[in-house]
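To keep things clear, I will list the structure first and then write my remarks on it.
What follows draws every value from the coordinates through simple rules; no lab data is involved. Bear in mind the structure is a predicted one, so any value in this text is a computation, not a measurement. Here the Cβ positions follow ideal geometry from the backbone for every residue, glycine too, while neighbour counts run over all protein chains shown.
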Amino acid sequence: MFDQNKLKECICCLVLTFLFCALAFAQQQGDRQRKTSEQGRNEYGVEQSPDLTQENLGRVAASAIQIRAVLVKDEGLMVELKRRVAKEATDSGQIVEDSNLTDQAIFERLEQDIAFRSVATRLLQRYGYLMPTPNPDSDFAKEKELVLKERARRLVQIESQEDSDSLRPQRNDRDLERSATCDPRRDEDCPQQSPADRRRKTRAPGGMWDVFA
């Protein structure tokens, strides 16, 4: 009888433990699904997917006229955009046609292809074009101006120090050359010589070097 009671208690404990673990696992799964659902919603509470986000951002672009104005002014960007066209054809396993790489073909595609216009916009922004300009009267613009001025001041200071360091050895070389040829007793501007230099230049009677000079 005692053994049966013990067995029943063990079975009850096992059942309760199993139920507790199952409830905890279900709660964790629910929390995970809720977080995933919240992350997949936009500010309007509508569910969205990463693919949808990329697709929508891929349609954000400047106008074809704005892009064309930059490309005409900067020929290097036109070449870079043509390189993108060639890479796009390579990724698709195709041979790019020469007719697709002309300036006119690029301009026509900018007019017709919004995705290509978005790629061109991001390319131009990478090189500083079509970027928002801060209001010059705003605190943001003033802080940015102060940062740029401080950076320019430091660059000028560094360049000035480098110029001074580069000129110092040349001045020393000229002084050494002049001290080797001038006589301090006749030339008041002759650089001062060290005792070792004076001993090397002064000779004692009899042709021996005067080490006591």
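Give me the number: length gained by fully extending S92 to R151, i.e. 0.36 nm times residue separation minus the C-alpha to C-alpha distance, one decimal in nm.
Result: 16.7 nm gained on full extension.
Under a plain spin-label model, where a point goes 7 Å from the Cα along Cα-to-Cβ, how far apart in nm are D113 and V79?
Reported label-point gap for D113 and V79 is 2.1 nm.
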